[in-house]
Structure formats: structure tokens, C-alpha cells
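Working notes, structure below.
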Amino acid sequence: MLNDKSTLSNGEFSGYIFVKNLNPTKTVKVVYTTDNWATTHEVFAAYGGIVNNFNSVEFWKYSINVPGATNVKYAISYTTGGQTYWDNNYGHNYEVN
């Protein structure tokens, strides 16, 4: 799983996630906070398409309305085949501002 091209601009937090297609049934979510983890929110990413058919890589995209936010911290989860994988920047979470 790879987090890529995340931005925070004009109250919109958006980005792309690349995942290996391990199973046809899957969910990709972004877990995020705008208040340093006092509260958390989740949003499902939307399937965007196949990046590399040979390596079975797909891209997923998300766009979240976060009015007034100047900082977003987040992690990504990918659930497939009863297993959940997390990408949290090696325990440091991702951050955009």
C-alpha cells in the first residue's frame, strides 16, 4: 500500500492510494483528524482504476471536505480477505497542512 499525492487546499483534503490487488473484494479507508486526534473520522476511498495490470496495482482516491482545517493527520487502512493492513507512516501518521 502506498499513500501518494495528498493535499489540503481550500478546505478539501484529497489524495491517491495505490494498493496491490490481493482479492477482488476490498475496502480502502482514510482515518483522519483535524484536531490532533481528539476526534477521528473515517471515509472510504473510491476505486480509480488499474495502474499496472501485470503487477495487479490499483489506485483509489479520496476527497474530504474539511472546512477551516489547517492541518490533517491521517492513516490508511486496506481490508481484504479478512485481513486489515495499515499504512500509518511507520507509526508517525501522515500529515498535510
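The numbers here are math on the coordinates, done by the rules we state, and not lab data. From a predicted model like this one, the values you see are computed outputs, not experimental measurements. Methodologically, a virtual Cβ is constructed for each residue, glycine included, from the backbone with ideal geometry; neighbour enumeration extends over all protein chains shown.
Pairs of Cα atoms nearer than 8 Å and 6+ residues apart set the relative contact order; for the chain it is 32 percent.
Among residues other than residue 85 whose Cβ falls under 13 Å from its Cβ, what is the net charge (Lys/Arg +1, Asp/Glu -1)? So the environment of residue 85 carries a net charge of +2.
Computing mean projected area of the Cα convex hull in nm² directly from the structure and comparing it against [x] 9.7; [y] 6.8; [z] 6.2 singles out [z].
The slack between residue 95 and residue 23, meaning 0.36 nm per residue of separation minus the straight C-alpha distance, is 23.0 nm.
Descending by average beta-carbon neighbour count within 10 Å, the peptides 9-15, 79-85 line up as 9-15, 79-85, the highest first. Charge dipole of segment 2-96 (Cα centre as origin; +1 on each Lys and Arg Cβ, -1 on each Asp and Glu Cβ, all else neutral): 200 debye, rounded to the nearest 20. Please work out the FRET efficiency for the pair residue 79 and residue 7, using the Cβ-Cβ distance as r and a Förster radius of 25 Å; give the result to the nearest 0.05. The pair residue 79/residue 7 has a calculated efficiency of 0.50.
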